[in-house]
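The values are calculated or read from the model by the stated rules, or taken from the named source; none is laboratory data. Note that the coordinates shown come from a computational prediction; the quantities given were computed from them, not determined experimentally. When we count neighbours, we look across all protein chains shown, and the Cβ atoms used for this are built from the backbone with ideal geometry, even at glycine.
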Amino acid sequence: MNYKFTLSISKICFLTYCLLLISIATFAQVKSPQLKLDSLLKVNANHVKQDSAKLVILKEVYYQSMRVKNFEKSEEFVNKSVLLARKLNLRRFEAQAYYKLGMFYHGFTNFYKAEENYKKAIAAYTAINDLDWVAGTYLNLGALYTGVPYYVKALDAHQKAIDIFLKNGNEVDLASCYANISGIYMDLGQQDYALNYLQKALKIFIKEDPNDRGVAVVYNSIGQAYFTASKEELIKMGAKPNQKNALALENYKKALNVAQVNNDSTVLGPLNKDFGNVYEAMGEKDLALKAYQKANEINSKADHKDDYANSLLALSNFYEKNNEYSKAEDLLIEALKIGQQVNLLNVQRDAYLNLSSINEKQGDFNQSLKNYRQYIRVRDQIFNQEKEKEIIRRQLQIDFGVKEKDYQLKQQLTDVELQRQVLLAKQQQQELTLSNQEKILQRLTFLKKQADLENEKRSQANLLKQQRLKAQLDKEIKDKQIGLQRTELKFNRNVNLILGILASILLASALFVYYTQRKTAKLNKIVSEQKLELEKLGKVKDRIFSVVSHDMRSPVNSLISFIQLLEDGNINQQDLTKYAGLLKTTLGYTSSMMENLLNWASSQMQGFKPIIERFDVELCAQEVLNSLHANAVQKNITIINEIKSGSICLADMNMTALVLRNLISNSIKFSAKNETIKLSSKVENNTIAISVIDNGVGLLKEQIDNFNNSGYQEIGKSTIGTNQEKGTGIGLVLCHTFTTLMNGSLKVKSVKNKGSVFTLALPKA
């Protein structure tokens, strides 16, 4: 009967509990976190009964209080939950409340509160014999000590977790614990110890699942251990210093294979950045760039702002080292924005420092100084945080020492109390048989021992007081040292700033003076070159006037005289034919002279611009030979064209024809009757060399040296040909000018009275 009644009550409680969860879930649909909390507070106020349902409500209230970061409400309802859990003998709720509050304070780096609640959670979980949660809480406590950092206590907490995991046979969590310990040794620069724990973790992870995420993480950590190890550590790890990059790369590749199977962006993003670091250290710039870009691509799509910011910094460093400052600057600005959004001080510090360096290299010293000041500001914030952590670590050490002494004292007092109880028990047994005298003696002995115990207790209390005073004195001394260090740092910062400004001013002044001197030297050089060019043009002008005044007078006078004879009509047909022939020859020479003269003058005034095109040199040369056929026939000169068909060059066809016409005309002019002139071609490197070869009168050595000079611009005196032919003196100058405009060259080889070889070299198509 009673059993059935109890069962029905349990069913009613269960239904009430379910309805309560449904009502809480309904209130959770409210969008505003604060409104959710207000709703839960109303539910709690309406539920007066102190039962398990009330405990669930209290749990939800402090959960929501933590979500809205309400420290007062969080602690208030955690305490209420603990009291009710103890009353109802539901110790698991007590343990969960302390654990959750510890994590809450841990997230806000309140080390004292976090440590206190973690330890209470450990005690509560131990009381209900839930060893897995005890070990898990020790892991969190170890992470807390690592963040201080207080590595001794961190290792101690992890070791306690390991002992429990080994006892329970929980290998997966044991492997995670090994991986955490390896991180501590990595921070301490003891990569050989870190490698030992990583290998233990890897063995367990592979045994459970070769494609587990933990396998990829551990391989990545092993690669980092090799890559960051010193020479001494590498030797301890059983590797040679020159194997460092290869071993790191080998383990990164193993991590990549597993991470790609799981498509795990949390591993792939940082892993590609690590690949970039190794490739860059090996000098493989292309592979490093691809790895850094891949890391950015993955991290930008994932919700891991810190990884994305660090990959941006790595890629910007790569661009800066390769002088691609614009790309590096864009990436640094983006990383800086992320660092400011999520308060990543290390990212902000590195971004400002690198921006200052890039601004300095680009010559923007004002912006460089601004960014450097921002770098100093963020660096000081980090320094202050580190000092606060150092103070916390020292305080934790002092508190730990005081608590240990207090515990030892309590233990001693407990032992004394036990001894006293034993003595009392013995005394009571002996009182039945001993005489009054013996009782008095025993009483005196007891009082003496009691006095000794009191004295010892006072001595312990004095010793504890002295230790506390010493701890306080040590703290004050440390605070003074920190104050002095801050003052010294501020002074050094001001000195560095002044020196930096002075160095910047001196550098700017030196650059200005150097630039001014260099600009003056360039201007002087330009003026000198222009002076020489003007002098040369003056000489050219005088020579042109001389040629025109001398060579134009005679043909014009002849033409006038011939016209007068025609007007008078006193000339027979035979004389008319004779004079007309002579006049034709004279005017032909004059026309050739004027054509060359005008073409040369136009080129000097930059009126001629070559039209570069592809054409066959053999066809161009044949057209020139056809136009000069009559001149060659007059002296019975044979011209042989051995230029290979299909010799395609890149040049101006009309200019090339003019150059060849002048060269072949000169060869005809200075060759004796019945001689032979030969044209040939040869491909040399990326040019086609066209040679005009004759057996004429040749040139003097002085004329050869002058002609082969790249700056040849002299208009020479016309030389009479072998058949009394006249020239203008500007044909070869025109050839030189046009050849230069077409990016070619013109050279001569000649022996006096044995002939000449003029070689025109043009770019090959």
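Quick one: would you say Tyr145 is crowded, with 22+ Cβ neighbours inside 10 Å, more than 23 Å from Val48 (Cα to Cα) and under 47 Å from the mean Cα position of the chain (by Cα)?
yes
(1) without any contact (Cβ under 8 Å) to a residue 24 or more places away in the chain; (2) surrounded by 19 or more Cβ atoms within 10 Å (Cβ to Cβ): which one isn't true of Val152, the others all being true?
Result: Val152 passes all but (2).
From the list Lys240, Lys253, exactly one residue is within 19 Å of Ala291 (Cα to Cα), of a type in the set (D, E, K, R) and without any contact (Cβ under 8 Å) to a residue 24 or more places away in the chain. Which is it?
Lys253
Could you tell me which residue of region 302-330 is surrounded by the most Cβ atoms within 10 Å (Cβ to Cβ), considering only residues that are out of contact with any helix residue (DSSP H, G or I) (no Cβ under 7 Å at 6 or more places or on another chain) and of a type in the set (D, E, K, R)?
Looking at residues that are out of contact with any helix residue (DSSP H, G or I) (no Cβ under 7 Å at 6 or more places or on another chain) and of a type in the set (D, E, K, R), I get Asp306.
Please identify the pairs in which a residue from region 734-755 that is assigned by TED's automatic domain parsing to the domain that holds Leu699 has its Cβ atom under 6 Å from the Cβ atom of a residue that is of a type in the set (Phe, Trp, Tyr) and surrounded by 20 or more Cβ atoms within 10 Å (Cβ to Cβ), counting only partners at least 6 apart or on another chain.
Within 6 Å, the pairs are Leu734/Trp600; Val748/Phe707; Val748/Phe758.
Please go through region 99-114 and pick out each residue that is modelled with pLDDT under 90, surrounded by fewer than 20 Cβ atoms within 10 Å (Cβ to Cβ) and in a helix (DSSP H, G or I).
Matches in region 99-114: Gly107, Tyr112, Lys113.
Among the candidates Ser81, Ser74, which residue alone is in a helix (DSSP H, G or I) and either aliphatic (A, V, I, L, M) or under 45 Å from the mean Cα position of the chain (by Cα) (or both)?
Ser74
Here are Asn317, Asn323: which of them is assigned to a loop (DSSP other than H, G, I, E, B), modelled with pLDDT of 85 or more, within 14 Å of the chain's Cα centre (by Cα) and over 21 Å from Ser221 (Cα atoms)?
Unique residue meeting the criteria: Asn323.
Taking into account only those residues within region 190-210 that are out of contact with any Asp or Glu (no Cβ under 8 Å at 6 or more places or on another chain) and polar (S, T, N, Q), which is surrounded by the fewest Cβ atoms within 10 Å (Cβ to Cβ)?
Across region 190-210, the extreme among qualifying residues is Gln199.
Looking at (1) of a type in the set (Val, Ile, Thr); (2) surrounded by 23 or more Cβ atoms within 10 Å (Cβ to Cβ); (3) within 23 Å of Gln64 (Cα to Cα), which one does Val82 not meet, given that it meets all the others?
Every listed condition holds for Val82 apart from (2).
Here's a check for you: in region 369-385, which residue that is at pLDDT 80 or above and within 17 Å of Thr487 (Cβ to Cβ) is surrounded by the fewest Cβ atoms within 10 Å (Cβ to Cβ)?
Once the filter is applied, the top-ranked residue is Asp380.
Tell me, which helices (runs of 4 or more DSSP H) lie completely within region 211-296 with 1 or more residues that are surrounded by fewer than 18 Cβ atoms within 10 Å (Cβ to Cβ) and acidic (Asp, Glu)?
It comes to 231-236, 244-262.
For region 142-165, give me each residue that is out of contact with any Asp or Glu (no Cβ under 7 Å at 6 or more places or on another chain), in a helix (DSSP H, G or I) and over 23 Å from Ile222 (Cβ atoms).
Tyr145, Gly147, Val152, Lys153, Asp156, Ala157, Lys160, Asp163, Ile164
Conditions (1) in contact (Cβ under 8 Å) with a residue 60 or more places away in the chain; (2) surrounded by fewer than 18 Cβ atoms within 10 Å (Cβ to Cβ), marked per residue:
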| residue | (1), (2) |
| --- | --- |
| Asn636 | no, yes |
| Ser645 | no, yes |
| Met653 | no, no |
| Asn666 | yes, no |
| Lys669 | no, no |
| Leu679 | no, no |
| Lys682 | no, yes |
| Ser691 | yes, no |
| Leu699 | no, no |
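Restricting the search to region 257-279, which residues are among the aliphatic types (A, V, I, L, M) and in contact (Cβ under 8 Å) with a residue 40 or more places away in the chain?
Once the filter is applied, which keeps residues that are among the aliphatic types (A, V, I, L, M) and in contact (Cβ under 8 Å) with a residue 40 or more places away in the chain, region 257-279 yields Val258, Ala259, Val261, Val267, Leu271, Val278.
So that you can scan it fast, the table gives a plain yes or no per residue for (1) modelled with pLDDT of 90 or more; (2) assigned to a helix (DSSP H, G or I):
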| position | (1), (2) |
| --- | --- |
| Thr16 | no, yes |
| Leu20 | no, yes |
| Ile24 | no, yes |
| Gln29 | no, no |
| Gln34 | no, yes |
| Leu37 | no, yes |
| Asn44 | no, yes |
| Ile57 | yes, yes |
| Glu60 | yes, yes |
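Across region 185-217, which residue is farthest from Leu141 (Cα to Cα) among those that are of a type in the set (A, V, I, L, M) and free of Cβ contacts under 8 Å to residues at least 40 places away in the same chain?
Out of the qualifying residues, it is Ile206.
Restricting the search to region 722-765, which residues are surrounded by 19 or more Cβ atoms within 10 Å (Cβ to Cβ), part of a helix (DSSP H, G or I) and not small (Gly, Ala, Ser)?
Scanning region 722-765 gives Leu732, Val733, Leu734, Cys735, His736, Thr737, Phe738, Thr739.
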